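No value in this document is a laboratory result; all are computed from the given coordinates. All of these numbers come straight from a predicted model, not from anything done at the bench. With ideal geometry, Cβ positions are generated from the backbone for all residues, glycine too; neighbour counts draw on all protein chains shown.
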Amino acid sequence: MAPSAEALALMAQLNKKYGPETMIMASQMRQMPPFASGCLPLDIILGGGFPANKWTEIIGFESSGKTTVVHKTIAHQQARNPEFSTLWVAAEDYDREWAQQLGVNTDQVMVAEIRAMEEAYEVMLEFAASRSVDAIVLDSYPALIPSEEDAKAMDELTVSAGAKVSNKFWRKAGKASKRSHLTDERPFMGIVINQWREKIGGFSPQGTPKTTPGGIGKNFAYWTRLEVSRAEFLDEPIPGKGKARVGQAMKLKTVKHKGAGPQRTAETHFYWTDSPSRGISAGSWDVVRDLMTWGVYYDVIRRRGRYFDFADRTWDTKDAIIDALRGELDLQDDVAAAVLHAAFNLDELEAAA
């Protein structure tokens, strides 16, 4: 049953008193499409990509691929929209050459080299509220230093200074991140890179417990928390000379996701050096491996003995369909789109775009 006339009148009064869209009907709320990462397994577990107008935390140990995931996502978005712009708050040094190797147009990336925590947060809030950029990235939280800690000598103990500042940031971030539910406003993707820390002396059946700097309060503010870890290294055979290390298998896990469900896992392969035997260039995902794995899983690519079918095409061997996927970018796009629609219905998201 629809709300009563009295309730609707009260909604109108409150919107007049506190501002437009203080209260709206849930059925009127626009659903913003996510920001696709360009990595099919990651997009699947994220529900289509990184959430719009929300904040995501990417967590991992050192050299697990956290920053690479962000660069590749930005490069993918720039490929779809050359005007896609990013604010990158570099608490750690920004590696321009690595970003460019991963496909990022650095002319569309504004770098703020800030290590003072309060200043970094203020810049992020101002850009989020300004609606002037498409992505805001902090790399990384542990490199920031709060003013309370900075003012003390090395031998003076500072407890929870960063957590207190961060909690204040998240209380302010809601207003800065808010976008209209009724009119078209520029969405943004917010990402904070963080690191795992081991709780020394702790115990759990799964091994040493892990935590992240910044306190517990921030965990409630994130819409999504994504863990990136390295499963194994990938080697390239060199005839007569052994093997060369060319990449790594990445494990991806949604520790938290308020929109697509938590604890979803996937794996992908990333190459930081050329892999001639696989036909993969430096700075790339193994896109074909991902398409084959998930295409077969969702029956988008149908296997009949030695034959593989997709849409109205048939290949008589696995090598034949792999060669076709490697050589035909349109075929890659078609298979990826079919997999995503099989994994979850994106029609409503696309219609809202």
For the stretch 254-309, compute Rg over Rh where Rg is the Cα radius of gyration and Rh is the Kirkwood radius from the inverse mean 1/r over Cα pairs. 1.10
Just going by the charge dipole of the stretch 41-144, with Lys and Arg at +1 and Asp and Glu at -1 on Cβ, which of GLN108, ILE59, LEU46 is farthest out on the positive end? LEU46
Could you size up the charge dipole of the chain around its Cα centre, putting +1 on the beta carbon of Lys and Arg and -1 on that of Asp and Glu, and report it in debye to the nearest 20? 1100
Would you kindly give the portion of the calculated P(r) for the stretch 42-83 that falls above 12 Å, as a percent of all Cα pairs? 69
Considering all alpha-carbon pairs of the chain, what whole percent are spaced by more than 37 angstrom? 27
Spelling out what I want: for every residue of the stretch 297-303, take phi, set θ = phi - 60°, compute 6.51 cos²θ - 1.76 cosθ + 1.60 (Karplus), and round to whole Hz; glycine and proline get x. 4, 8, 6, 6, 9, 9, 9
What number, rounded to the nearest 500 deg cm²/dmol, is the helix-based mean residue ellipticity at 222 nm of the chain, given -39500 (n - 2.57) per DSSP H run of at least four residues and division by all its residues? -10500 deg cm²/dmol
The size of the Cβ-based charge dipole (Lys, Arg +1; Asp, Glu -1) of the stretch 254-330 about the Cα centre, to the nearest 20 debye, is 420
Across the stretch 70-145, how large is the tail of the calculated P(r) beyond 22 Å, expressed as a percent of all Cα pairs? 21
Excluding same-chain residues fewer than 8 positions from LYS256, which lysines have a Cα within less than 24 Å of its Cα? LYS54, LYS66, LYS72, LYS164, LYS168, LYS172, LYS175, LYS178, LYS199, LYS210, LYS218
Quick one: of the DSSP bridges fully inside the stretch 1-153, what percent are antiparallel, nearest 5? 10
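Give me the percent of DSSP beta bridges within the chain that run antiparallel, rounded to the nearest 5.
60
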What is the set of long-range amide H partners of VAL192 at a cut-off below 5 Å, with H atoms built 1.01 Å from backbone N? THR56, GLU57, ILE58, LEU138
If exposed means GluC sites (Glu not before Pro) lying in a DSSP loop and surrounded by at most 10 other beta carbons within 10 Å, then the longest stretch of the chain lacking such sites spans residues 157-353
